[in-house]
Amino acid sequence: MAKILKDLRPVYVVGVGWHRYQPLSDTPYVMLGLPAIRQALADAAIAWPDVESSYIGTGLLGMAAGRAMLKHLGATGRPLVHIENASASGSAAFRHACIEVAAGIADVSLAVGVDKPGIVQRAFTKTGIGNLADDAIVPFTHFALLTNEYADKHGVKPQDVALVAVKNHRNGALNPNAHRQQARSLEEILGGKPVSGTLTALQCCPVGEGAAAVIVASEDAIKRLGIGPAMLPGRRRRRGCHRRVRRCYQAPGH
Amino acid sequence: MSTPEVLKAALYAAEGTAAVPDHPSLKGGRCQCGYVFFPLQTYGCEVCGRTGDALQPVALSGRGTLIASARVHIHANRAPAAKPGAKPPEVKPHEAPFTIGSIKLEDGPTVRTLLVDIDDRTLAPGQKMVAKLVSVGTGDKAIVDLRFTAAT
């Protein structure tokens, strides 16, 4: 019978790093991803050769983006896998790094999401099945239609939906890695440039670039590499311990 | 005057169905399992997975109900830059603002396409909609494409 992740051995996040999200710039993607990975390695206080496998999530960079980036960390001959899963590419990369460590195939695995805006032909246009007007229906209109349907079904007003953006911008203002770091009032959100349906510019994702890296590890690796063991179950916290060590996929209710 | 060319002949026809003869019909399919879909394809049923001859063409009437709409204010045409000496496009590009609707056809499937001749009053979800062909050609050749509009 299939197992779920919590039936396997525990997986811990031991290091995280970012290149902030921002509008498209001349920075090559390599210099978005590498600083994020180096920051995650420093955060975990481990070296690149300690990483046994890498999962690179990217939607728009093109084939085999990871190899051309990771080689600048030094040749280790370790496996790397690219994950394209549309908007969920980075989180899918994280999931697979966790599965590999949980299964015992690796003790330390890297998940990195890195992207820059770029034009790729979406696969549905190559299915050979036509459509009435998909050239006129970009993602923001897809979501505008869903918003309109939701609003009609649940009696929700445009300002109710705009409050989601108010909350998101408030959070962004607290996050030095966010693309948008300015708090916005409801009036600013609603009074912004109209995009599609009731959605205004500040309610739509900015299209930009950036990177995020996560290093996950087994308990064995944490002990062997001396990664802040204080947070492991049954240990007392020591001074200067690494507080980022967090178990992934807690059992429900924990 | 000659009959105008239909822009996407694989998707719809000027001729209506027996039930709704006055509006263009859409070229859908019906699976042996009963699922009705648009557009026609024989790759495999999206409900049960049956393939090939289990999927048969069926004309869907050009009548339905609006379930959502969105006025689009920004639109970038992604047409490749015309090469020097290339013929101009035969069909008008979409120019914002325009309105997209989701229409649940009375025969089952939901389609999304451009709406024409509508105003805010007619755009409430639940509005009855009908298909119509509109002229989209840029030159001498008469070309028509499918749109939906409020039923009168």
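The values are calculated or read from the model by the stated rules, or taken from the named source; none is laboratory data. A quick note: this is a predicted structure, and the numbers were derived from the prediction, not measured. Glycine gets a Cβ as well: all are built from the backbone with ideal geometry, and neighbour counts include every protein chain shown.
Table: residues versus (1) in a loop (DSSP other than H, G, I, E, B); (2) modelled with pLDDT of 90 or more; (3) in contact with a Lys or Arg (Cβ under 8 Å, 6 or more places away or on another chain); (4) under 16 Å from B:TYR12 (Cα atoms).
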position	(1), (2), (3), (4)
B:HIS75	yes, yes, no, no
B:SER102	no, yes, yes, no
B:ARG121	no, no, no, no
B:GLY126	yes, yes, no, no
B:LEU133	no, yes, yes, yes
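In summary, A:PRO117 fulfils each of the numbered conditions (1) touching a strand residue (DSSP E or B) at 6+ places or on another chain (Cβ under 9 Å); (2) surrounded by 14 or more Cβ atoms within 10 Å (Cβ to Cβ); (3) within 14 Å of another protein chain (Cβ to nearest Cβ) with the single exception of condition (2).
Out of A:LYS157, A:LYS71, A:LYS153, which single residue is within 25 Å of A:TRP18 (Cα to Cα) and at pLDDT 95 or above?
Details: A:LYS157 fails: within 25 Å of A:TRP18 (Cα to Cα); A:LYS153 fails: within 25 Å of A:TRP18 (Cα to Cα).
Testing whether each residue is within 25 Å of A:TRP18 (Cα to Cα) and at pLDDT 95 or above leaves just A:LYS71.
As a summary of the residue check, A:GLY90 satisfies the conditions (1) touching a residue at least 12 places away in the same chain (Cβ under 8 Å); (2) surrounded by fewer than 22 Cβ atoms within 10 Å (Cβ to Cβ); (3) part of a helix (DSSP H, G or I) except for the one numbered (2).
Evaluate the following for A:ARG180: is it free of Cβ contacts under 8 Å to residues at least 60 places away in the same chain and either crowded, with 16+ Cβ neighbours inside 10 Å or assigned by TED's automatic domain parsing to the domain that holds A:VAL112 (or both)? Before you say what the answer is, go through the steps one by one.
Working: free of Cβ contacts under 8 Å to residues at least 60 places away in the same chain: yes; either crowded, with 16+ Cβ neighbours inside 10 Å or assigned by TED's automatic domain parsing to the domain that holds A:VAL112 (or both): yes.
Here the answer is yes, as A:ARG180 does meet what is asked.
Counting residues in the range B:38-50 that are in a loop (DSSP other than H, G, I, E, B), surrounded by 12 or more Cβ atoms within 10 Å (Cβ to Cβ) and of a type in the set (Lys, Arg) gives one or more. Every condition in (1) surrounded by fewer than 19 Cβ atoms within 10 Å (Cβ to Cβ); (2) assigned to a loop (DSSP other than H, G, I, E, B) holds for A:LEU61 except the one numbered (1). Does A:ARG238 qualify as being at pLDDT below 55, more than 14 Å from every other protein chain (Cβ to nearest Cβ) and crowded, with 16+ Cβ neighbours inside 10 Å? Against the criterion (at pLDDT below 55, more than 14 Å from every other protein chain (Cβ to nearest Cβ) and crowded, with 16+ Cβ neighbours inside 10 Å), A:ARG238 does not qualify.
Looking only at the range A:124-141, decide whether some residue is in contact with a Gly (Cβ under 9 Å, 6 or more places away or on another chain) and surrounded by 13 or more Cβ atoms within 10 Å (Cβ to Cβ).
Applying the first criterion (in contact with a Gly (Cβ under 9 Å, 6 or more places away or on another chain)) to the range A:124-141 yields A:140-141.
Now narrow it down to the ones that are surrounded by 13 or more Cβ atoms within 10 Å (Cβ to Cβ): A:140-141.
Taking every residue of the range A:124-141 in turn, at least one turns out to be in contact with a Gly (Cβ under 9 Å, 6 or more places away or on another chain) and surrounded by 13 or more Cβ atoms within 10 Å (Cβ to Cβ).
Of B:LEU114, B:LEU55, B:LEU105, all but one fail to be in contact (Cβ under 8 Å) with a residue 60 or more places away in the chain and crowded, with 17+ Cβ neighbours inside 10 Å; the exception is B:LEU105.
Hey, can you tell me all the residues within the range A:128-176 that are among the polar types (S, T, N, Q), more than 8 Å from every other protein chain (Cβ to nearest Cβ) and outside any helix (DSSP H, G or I)? Once the filter is applied, which keeps residues that are among the polar types (S, T, N, Q), more than 8 Å from every other protein chain (Cβ to nearest Cβ) and outside any helix (DSSP H, G or I), the range A:128-176 yields only A:ASN175.
Restricted to the range A:24-58, and to residues that are within 17 Å of the chain's Cα centre (by Cα) and not in a helix (DSSP H, G or I), which residue is surrounded by the fewest Cβ atoms within 10 Å (Cβ to Cβ)? Here the answer is A:TYR29.
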